Amino acid sequence: MKTSNYLWAVLATATLSLSACGSDENENVIQPKEKTARLELTLVGTPADSRATGTLPTTDESQINRLTVAVFTGASGNPVNALREFTGDDIKAATSGTGKKITMLCEPGNGQTIYVVANASTGLFAGVTNLAGFKAKLMLLSETTKAAGAGAATDTQKANNLPMLGSAIGKDFTAGTETEAEIALSRLVARVSISSIKTAFDPVGRFKDATFKVTGVYLKNANSSVNADKTGSVLVHGGDGSTDTKKYLYETVSTHTANTELTTPYYFYTFPNVSNTPTKLIIKGMFDADGGGSSASVPRYYPIVINKKQANTTISGGAGTDKGSIALNTKYVLTAVIKGEGAPDDNTDIDPATLQLTVTVADWELTINQDVTFE
């Protein structure tokens, strides 16, 4: 895996200053520990604009709008030591290279665990009493539709409100000493984008006069929730507003001219998916077998199983899988070449012989480029 300057979305450096606090009264009574450990975090973020269809985001995918810091003791059941959500003035001054420091008080103790979560829903972890309860909370993909983490959900995902997670374990907070913990936050989402769709019908083949016009692209079987253990399996589908579909995972294409290359990049964010129901990017459009002759245009679908080895598939920079999978903090960059007729619906996979993929892995933690040819 390659790294980049913004591979890690944010660095949170925690310096814990601890001082002893005792009592001369009734030494035989166990006194509750006071919160004498000072947790100091330095945030580094990159404020930027929200998503705009047609351009791929860069530094705005590192933006922090809300931060939850949770500390759990090493005692049985890992009860909460301290938990606080930071928003607004607490974090908005963070800039690249240096950032605003925020602090919270904790109890001293050994073997403690720190979790830092960025851009989860407001109050998601309120009332959590232990580590198990914290890990049971689900972060929702729909939060990515709220610009800078504020307001109501929309029908469009934003590059500047991506959920992120980092942790540190086995931290000893000793009175009178200063301990530093550096926590790197990684994005919990992957980005799936398609940057080129073109046709290449065989001039002496069955579809020599065929035309295809793209009308939409969307995700199918996208994982919509994830917890602090980075697992979740609630799958949703993109759609234009029909029952049980999510508009934020669907992009209408209204400007494509049949048989010309579509070069406007469209992209979506989704949580990791390693289930037996792989995530797919669907190309939807109107297919005319004889280009305006006796046959009428019909809707056809070209499903691309993300990160799957198959015929006419090239994966560079990283390995594919037998069934396809989605990893967190990974970019999947697809291109497609259409040479034949698609499927009548998005539940039907096309013969792998018609699918050509090129996958290149680089930054983000991974970048996977996927080129697809449909014969």
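The values are calculated or read from the model by the stated rules, or taken from the named source; none is laboratory data. Just so you know, these numbers come straight off a predicted model, no measurement behind them. Note: ideal-geometry Cβ built from the backbone for every residue, glycine included; neighbour counts use all protein chains shown.
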- request: Search the range 75-94 for residues that are farther than 19 Å from ILE64 by Cβ and pair each with any residue that is modelled with pLDDT of 70 or more and of a type in the set (Val, Ile, Thr) when their beta-carbon atoms are under 6 Å apart and the residues are at least 6 apart or on different chains.
  value: PRO79/THR73; VAL80/THR129; ASN81/VAL71; ASN81/THR73; ALA82/VAL71
- request: With the checklist (1) at pLDDT below 90; (2) closer than 17 Å to LEU67 by Cα in hand, flag the one item THR122 doesn't pass.
  value: (1)
query: Only one of these conditions is not met by VAL236: (1) within 24 Å of SER62 (Cα to Cα); (2) in contact with a helix residue (DSSP H, G or I) (Cβ under 8 Å, 6 or more places away or on another chain). Which number is it?
result: (1)
field: Whichever residue in the range 282-309 is surrounded by fewer than 20 Cβ atoms within 10 Å (Cβ to Cβ) and within 22 Å of SER195 (Cβ to Cβ) and, among such residues, is modelled with the lowest pLDDT
entry: LYS309
task: Assess whether ALA200 counts as being surrounded by fewer than 16 Cβ atoms within 10 Å (Cβ to Cβ) and touching a Pro at 6+ places or on another chain (Cβ under 6 Å).
output: no
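State whether one or more residues within the range 311-325 are among the acidic types (Asp, Glu), modelled with pLDDT of 95 or more and either under 25 Å from THR156 (Cβ atoms) or in contact with a Lys or Arg (Cβ under 9 Å, 6 or more places away or on another chain) (or both). I'd like the intermediate steps shown before the answer.
Let us first name the residues in the range 311-325 that are among the acidic types (Asp, Glu), namely 322.
Going one step further and asking which of them are modelled with pLDDT of 95 or more, we end up with none.
Scanning the range 311-325, I find no residue that is among the acidic types (Asp, Glu), modelled with pLDDT of 95 or more and either under 25 Å from THR156 (Cβ atoms) or in contact with a Lys or Arg (Cβ under 9 Å, 6 or more places away or on another chain) (or both), so the answer is no.
Residue under question is THR263, and the condition is that it be within 22 Å of the chain's Cα centre (by Cα) and either among the β-branched types (Val, Ile, Thr) or surrounded by 16 or more Cβ atoms within 10 Å (Cβ to Cβ) (or both); does it hold? Let's see the steps before the verdict.
Details: within 22 Å of the chain's Cα centre (by Cα): no; either among the β-branched types (Val, Ile, Thr) or surrounded by 16 or more Cβ atoms within 10 Å (Cβ to Cβ) (or both): yes.
No.
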message: Taking the criterion of being in the same structural domain as PRO272 (by the TED database), over 19 Å from PRO79 (Cβ atoms), touching a residue at least 12 places away in the same chain (Cβ under 8 Å) and acidic (Asp, Glu), would at least one residue in the range 184-203 satisfy it?
response: yes
- line: Residues of the range 127-175 being modelled with pLDDT of 95 or more, aliphatic (A, V, I, L, M) and either in contact with a helix residue (DSSP H, G or I) (Cβ under 9 Å, 6 or more places away or on another chain) or assigned to a loop (DSSP other than H, G, I, E, B) (or both), in sequence order, are VAL128, LEU138, LEU141
- line: Within the range 145-159, of all residues that are closer than 15 Å to THR87 by Cα and touching a residue at least 24 places away in the same chain (Cβ under 8 Å), the one surrounded by the most Cβ atoms within 10 Å (Cβ to Cβ) is GLY149
- prompt: Restricting attention to the range 281-295, does a residue exist that is hydroxyl-bearing (Ser, Thr, Tyr), without any contact (Cβ under 8 Å) to a residue 60 or more places away in the chain and assigned to a loop (DSSP other than H, G, I, E, B)?
  reply: yes
query: When you scan the range 41-87, how many residues do you find that are of a type outside the set (A, V, I, L, M, F, W, C) and at pLDDT 70 or above?
result: 18
